[in-house]
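Scroll down for the structure; my scribbles are underneath it.
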Amino acid sequence: MSTTSRSTPPALKSGTGGEQHQIAGPGQPMLTTNTGMVISDDHNSLRAGPRGALLLEDMVLREKIFHFDHERIPERVVHARGLAAHGFFELTDSLAALTTAQVLGDVGHRTPVFVRFSTVAGNRGSADLARDVRGFAVKFYTREGNWDLVGNNIPVFFIQDAMKFPDLAHAVKEEPDRGFPQAASAHDTFWDWIAMTPEALHMVMWQMSDRTIPRSVRMMQGFGVHSFRLVNAAGQSTFVKFHWTPKLGLQSVVWDEAVKINGADPDYHRRDLYNAIESGDFPEWELGVQLFSEEDAAGFDFDHLDATKLIPEEIVPLRVIGRLVLDRNPANVFDETEQVAFCTQNLVPGLDFSDDPLLQGRNFSYLDTQLSRLGSTNFNQIPINAPKCPFANMQRDGHMQMQVHPQRVSYTPSLLDPSGPRESPTQGFRSFPAAVVGTKQRERSATFSDHYSQARLFFESQSVPEQDHIVAALIFELSKVEADIVRDAMLGHLVVIDADLGNRVAAGLGHTTAITPATPAVAPRSDLAPAPSLSMLARGVPPLTGRQIGALVTDGGDAATVTALLKAARAAGAKVKIVCPTIGGVTLSDGTRLKADHQLAGGPSVLFDAVAIIAAEAGTTALLGTSSAVAWVHDAFAHLKVIGATPAAMPLLAAAGVCEDEGICDLDPGAGVFIETASAGRIWAREADVRPTY
Ligand code: HDE
């Protein structure tokens, strides 16, 4: 039953226990049971006398509690924690010559979409900023049926064969004999499995990079990972890989920040997306495609059917063909975000699968998992899963059947009902008639055997700070591993990927004995040209748009500086959040009141991309005795953020151990220099001063 907004509040009646009853007024919906019986009292169970036991007869109580008891459904076995939004996909460049799919052919057409982002390993209640791969699953409600592009924010995957997926998931999830750690790969079973599975090493390099601690889901790439086929009207096939590129640029947090954000705001990513959409800042991505033929593929120095490999953009450039805009938050998170069921098997005519063995395995898994998660083969009837084009078939009955089928005939063919739904050889989905030959065997192609070359390519394509972070992440993760045998085996892999990488991690682990290199199945290549497209920093400085500046303001803070900051930030597309000693806000130098968005302890600087401190002398003195204020400034400095401060705030910077560098700006002449400096991103040069690098 929907609720309606009323201009007059419902009448109140005090109950016998002092509770307030709201009574439905004229024209207002009345509260009913699920069968429509109007409820007279929603606060008091039926009992034998005012102090007596409850009566089993109370069907109102029993129905309410019965429904509540079953509100939860099994969470996803992986990707349990998700956030989602509605939007549209608009094609800007037609692929009609290569595919009959209208969604990729009709320029200007807007296809509705629902996009769910997720972490992989953590349970539904885990924190958003776990170091983890992010899911990037897009459901296109096309005019020819639903197309689900179920991708990740990393273009490769851990494994080459679906057979290994349960092992990977078991290894990374919490250890079953103790139930921890949750949402973390930094534990023995994960690294034990990785050490024994060299095909995972390329993905591990990505996982240890800042890609897995994104600043926002609005600021990360997405990839379809596998090769798919486009099939045109003439029946010709072109291979395609799909890439989503965010308009806000690629941005991540640093690891210490991620750790602290998880405490300060475990819902950081969901809040960020929700707030951006609510305030009209609709996140947008470009859809790019890499198109290549069977002959092109034969010339690659890897097998494109192997999901642990990528095609560098330097080899097959991206062709941008459309844009994805997310402009509406889910109306109900359970109904939509939780119940959405993505299935890699959902394609539309004009698209087809490649023979990637991982993709083929996924096509079984996703349909299958929905049955245990959603409980019925009719899950496609749930509104978020239902196609928005006409659909009809002879599937009937089953748990929770929501449709009434009045037809006598529920089969084909039929003389009795010749007008019912029938197949269409012209418009229906047809598989690309790829020739198939071979013996039945459990064996992987020799073209899948090189596990180190692209891992090396990835590491060597990173900028210096990015390489430093990969080294630091490996040191962190392997330091959490208790078994020497696992750590030693991992070092053996790392030195084969890149000797410098392995030696640096060994130094950071305090590993003093000789490393025994792993023995690769085929010799890794050292002649691959670095691919700058794989580096987030090499892709350019992302704009300040969509980012947040935290301003710590005390009583007596300079009013003109606050005004200048708000104005300059707005002009740059950034939002300013005011942090004050109390949530009641402060009185500025000109006597005006400034409202606070956060109280100091509830608004640590990790929540912001750059920070400003606008304090009067007395305010600074008070902050010097407040550890959360000193930590606020210290963390901002350690997290390489640009810091703007009024002259009176300088003692706080000194107490926080801040040293002069190009990221420390005087706010006295105004906020222009501060905003300009903050627009260039983090101060990477500071990193060597705040953290040891190995
Ligand atoms: Fe998934 N994966 N996966 N996966 N995956 C699921 O399906 C699976 C893989 C991905 O927001 C499950 O509905 C197997 C690659 C995303 O609802 C399950 C294999 C990629 C999501 C499943 C893979 C992904 C899932 C769990 C190896 C990136 C979340 C719940 C063959 C291209 C979708 C569900 C959402 C979810 C199985 C590998 C991405 C169990 C067997 C590769 C984004 O079916």
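The residue that is surrounded by the most Cβ atoms within 10 Å (Cβ to Cβ), among those in region 109-125 that are touching a strand residue (DSSP E or B) at 6+ places or on another chain (Cβ under 8 Å), under 30 Å from Asp265 (Cβ atoms) and not β-branched (Val, Ile, Thr), is Phe117. Take Arg229 and tell me if it is open to solvent by 10 Å² or more (accessible area, probe 1.4 Å), assigned by TED's automatic domain parsing to the domain that holds Leu358 and among the basic types (Lys, Arg). Answer is yes for this residue. Does region 146-156 include one or more residues that are open to solvent by less than 50 Å² (accessible area, probe 1.4 Å) and in contact with a Cys (Cβ under 6 Å, 6 or more places away or on another chain)? Checked against the condition, which is being open to solvent by less than 50 Å² (accessible area, probe 1.4 Å) and in contact with a Cys (Cβ under 6 Å, 6 or more places away or on another chain), region 146-156 yields at least one hit.
Could you check, for region 46-69, whether at least one of its residues is basic (Lys, Arg) and in a loop (DSSP other than H, G, I, E, B)?
Yes, because at least one residue in region 46-69 is basic (Lys, Arg) and in a loop (DSSP other than H, G, I, E, B).
The listed residues are Ala80, Ala97, Ala84, Ala121, and the only one of them that is over 29 Å from Phe334 (Cβ atoms) and either in the same structural domain as Ile213 (by TED's automatic domain parsing) or within 35 Å of the chain's Cα centre (by Cα) (or both) turns out to be Ala97.
Could you please let me know if Lys241 is within 12 Å of the ligand (Cβ to nearest atom) and surrounded by fewer than 20 Cβ atoms within 10 Å (Cβ to Cβ)? No; evaluated as a whole, the condition is false for this residue. Could you tell me whether region 322-336 includes any residue that is in contact with a strand residue (DSSP E or B) (Cβ under 6 Å, 6 or more places away or on another chain), under 22 Å from Glu294 (Cα atoms) and more than 12 Å from the ligand (Cβ to nearest atom)? Within region 322-336 (the criterion being in contact with a strand residue (DSSP E or B) (Cβ under 6 Å, 6 or more places away or on another chain), under 22 Å from Glu294 (Cα atoms) and more than 12 Å from the ligand (Cβ to nearest atom)), the answer is no, since none of the residues qualifies.
Contact map, region 339-365: first residue closer than 15 Å to Met163 by Cα and free of Cβ contacts under 8 Å to residues at least 24 places away in the same chain, second residue open to solvent by less than 30 Å² (accessible area, probe 1.4 Å) and more than 6 Å from the ligand (Cβ to nearest atom), Cβ cut-off under 7 Å, separation 6 or more or different chains; pairs are Asn363/Thr344. Look at Ala507 and say whether it is in contact (Cβ under 8 Å) with a residue 40 or more places away in the chain and open to solvent by 40 Å² or more (accessible area, probe 1.4 Å). When the stated conditions are applied, Ala507 passes them.
All told, Thr369 falls short of being more than 35 Å from the chain's Cα centre (by Cα) and of a type in the set (Val, Ile, Thr).
If Met400 satisfies every condition in (1) within 15 Å of the ligand (Cβ to nearest atom); (2) at positive phi but one, which is the exception? Exception for Met400: condition (1). If we scan region 157-166, do we find a residue that is within 20 Å of Thr308 (Cα to Cα) and either among the charged types (D, E, K, R) or more than 12 Å from the ligand (Cβ to nearest atom) (or both)? Yes, region 157-166 has at least one match. In the set (1) within 12 Å of the ligand (Cβ to nearest atom); (2) over 18 Å from Ala183 (Cβ atoms); (3) of a type in the set (Asp, Glu); (4) open to solvent by 10 Å² or more (accessible area, probe 1.4 Å), Glu75 fails one condition alone, (2).
Here Thr337 fulfils each of the conditions (1) within 20 Å of the chain's Cα centre (by Cα); (2) surrounded by 17 or more Cβ atoms within 10 Å (Cβ to Cβ); (3) in a loop (DSSP other than H, G, I, E, B) apart from (3).
Check Asp106, Asp128, Asp192, Asp161 and return the single one that is without any contact (Cβ under 8 Å) to a residue 40 or more places away in the chain and either of a type in the set (D, E, K, R) or open to solvent by less than 10 Å² (accessible area, probe 1.4 Å) (or both). Only one candidate passes the filter, namely Asp106. For region 344-358, filtered to residues that are surrounded by 22 or more Cβ atoms within 10 Å (Cβ to Cβ) and within 22 Å of the chain's Cα centre (by Cα), the residue that is farthest from His86 (Cα to Cα) is Leu358. Region 587-694 holds strands (runs of 3 or more DSSP E) entirely within its bounds, and those carrying 2 or more residues that are free of Cβ contacts under 8 Å to residues at least 24 places away in the same chain and within 21 Å of Ala569 (Cβ to Cβ) map to 664-666.
Among the residues of region 82-102, is any out of contact with any Phe, Trp or Tyr (no Cβ under 9 Å at 6 or more places or on another chain), under 30 Å from Arg271 (Cβ atoms) and either open to solvent by 60 Å² or more (accessible area, probe 1.4 Å) or within 16 Å of the ligand (Cβ to nearest atom) (or both)?
No.
The values are calculated or read from the model by the stated rules, or taken from the named source; none is laboratory data. Since the model is a prediction, treat every value here as computed from it, not as a measurement. FYI the Cβ positions are ideal-geometry reconstructions off the backbone, even for glycines, and counts take in every protein chain you see. Calculation scope for accessible area: heavy atoms of the full protein, side chains included, ligands and nucleic acids excluded. Shrake-Rupley method; radii C 1.70, N 1.55, O 1.52, S 1.80 Å.
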